[in-house]
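Shown next, in structure tokens, is the structure this report addresses.
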Amino acid sequence: MPSADFTGGHPELTLRPGRAGDLALLVALEQRLFGSDRLSRRSFAHFLRSAHAALIVAEIGEALAGYALVLFRPRSRIARLYSIAVAPENGRRGLGGTLLEAAAEAAQGRGSSCVRLEVNERNGGATALYHRHGYRLIGQRLGYYHDGSTALRMEKTLA
Ligand SMILES: CC(C)(COP(=O)(O)OP(=O)(O)OC[C@H]1O[C@@H](n2cnc3c(N)ncnc32)[C@H](O)[C@@H]1OP(=O)(O)O)[C@@H](O)C(=O)NCCC(=O)NCCS
């Protein structure tokens, strides 16, 4: 697991692989943050077990502060950042960026050459975060989300 560079106010931050015992807290965080298009308990349980997923959990003390989920496909060098979330009380302190970098490191560690993602065009905060971390716009998917809004497709090439 990559070493966290996020210490601002939270020297006790830990990044680690998710485990089965995180399931309830992951589901609770997801319900707090996403109105629709959220990951179900069943999906989290699947990804926590899957050899084709890296679920990175950020813990501050005993609390689940955020997570990033990266998916891999056999024989593909394109990794997909499937979801990323930071608990609101820890927002705007660099944790999203730290998780994003950890996700890219995990992808690189598995031999991926790039990371792709989709972000709701209305999600200006996340889009700014991705731009800031080297993601560029490569396209869009109209009506991709449950509410009919468009997804921006972004990609970052890994060194
Ligand atoms: C998007 C999210 C992961 C960002 O996490 P975070 O820990 O707040 O992000 P950071 O502190 O690392 O932000 C780094 C930069 O990203 C941009 N950014 C992040 N959130 C922003 C917001 N709400 N509005 C504007 N810019 C934002 C800013 O440039 C920020 O730098 P700054 O704070 O110096 O201005 C978090 O807000 C979140 O979980 N949102 C709900 C879930 C979600 O939308 N996930 C993405 C789905 S694709």
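The values are calculated or read from the model by the stated rules, or taken from the named source; none is laboratory data. Remember, predicted model here, so these are calculated numbers, not experimental data. Cβ atoms come from the backbone with ideal geometry, glycine included; neighbour counts cover every protein chain shown.
Could you please give the count of residues in the stretch 48-59 that are crowded, with 20+ Cβ neighbours inside 10 Å and either within 15 Å of the ligand (Cβ to nearest atom) or assigned to a helix (DSSP H, G or I) (or both)?
At the first step, the residues of the stretch 48-59 found to be crowded, with 20+ Cβ neighbours inside 10 Å are 54-58.
With the extra rule that they be either within 15 Å of the ligand (Cβ to nearest atom) or assigned to a helix (DSSP H, G or I) (or both), the set shrinks to 55-58.
Number satisfying all stated conditions: 4.
For residue 135, the conditions (1) away from the ligand (no atom under 13 Å from the Cβ); (2) in contact with an Asp or Glu (Cβ under 9 Å, 6 or more places away or on another chain) all hold with the exception of (1).
Take residue 126 and tell me if it is among the hydrophobic types (A, V, I, L, M, F, W, C), within 12 Å of the ligand (Cβ to nearest atom), in contact with a strand residue (DSSP E or B) (Cβ under 6 Å, 6 or more places away or on another chain) and over 14 Å from residue 70 (Cβ atoms). Yes: the conditions hold for residue 126. Just one residue in the set 36, 40 is within 30 Å of residue 148 (Cβ to Cβ), in contact (Cβ under 8 Å) with a residue 24 or more places away in the chain and surrounded by fewer than 18 Cβ atoms within 10 Å (Cβ to Cβ); that residue is 36.
Yes/no matrix, rows are residues, columns are (1) modelled with pLDDT under 85; (2) not in a loop (DSSP other than H, G, I, E, B):
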| site | (1), (2) |
| --- | --- |
| 3 | yes, no |
| 9 | yes, no |
| 23 | no, yes |
| 28 | no, yes |
| 32 | no, yes |
| 39 | no, no |
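Of all the numbered requirements in (1) more than 15 Å from the ligand (Cβ to nearest atom); (2) of a type in the set (A, V, I, L, M, F, W, C); (3) farther than 21 Å from residue 152 by Cβ, residue 78 misses one, and that requirement is (3).
Only strands (runs of 3 or more DSSP E) whose full extent lies in the stretch 60-159 are considered here, and the ones with at least 3 residues that are crowded, with 18+ Cβ neighbours inside 10 Å are 63-71, 78-86, 114-120, 151-157. Please verify whether residue 87 is near the ligand (Cβ under 10 Å from one of its atoms) and free of Cβ contacts under 8 Å to residues at least 24 places away in the same chain, treating the condition exactly as stated. Judged against the criteria, residue 87 is not a match. Filtering the stretch 74-94 to residues that are among the hydrophobic types (A, V, I, L, M, F, W, C) and under 11 Å from the mean Cα position of the chain (by Cα) leaves 81, 84, 85, 86.
Residues satisfying the criterion are absent from the stretch 100-114 (criterion: modelled with pLDDT of 95 or more, within 14 Å of the ligand (Cβ to nearest atom) and farther than 22 Å from residue 59 by Cα). Being of a type in the set (Ser, Thr, Tyr) and without any contact (Cβ under 8 Å) to a residue 24 or more places away in the chain is a description that does not apply to residue 67.
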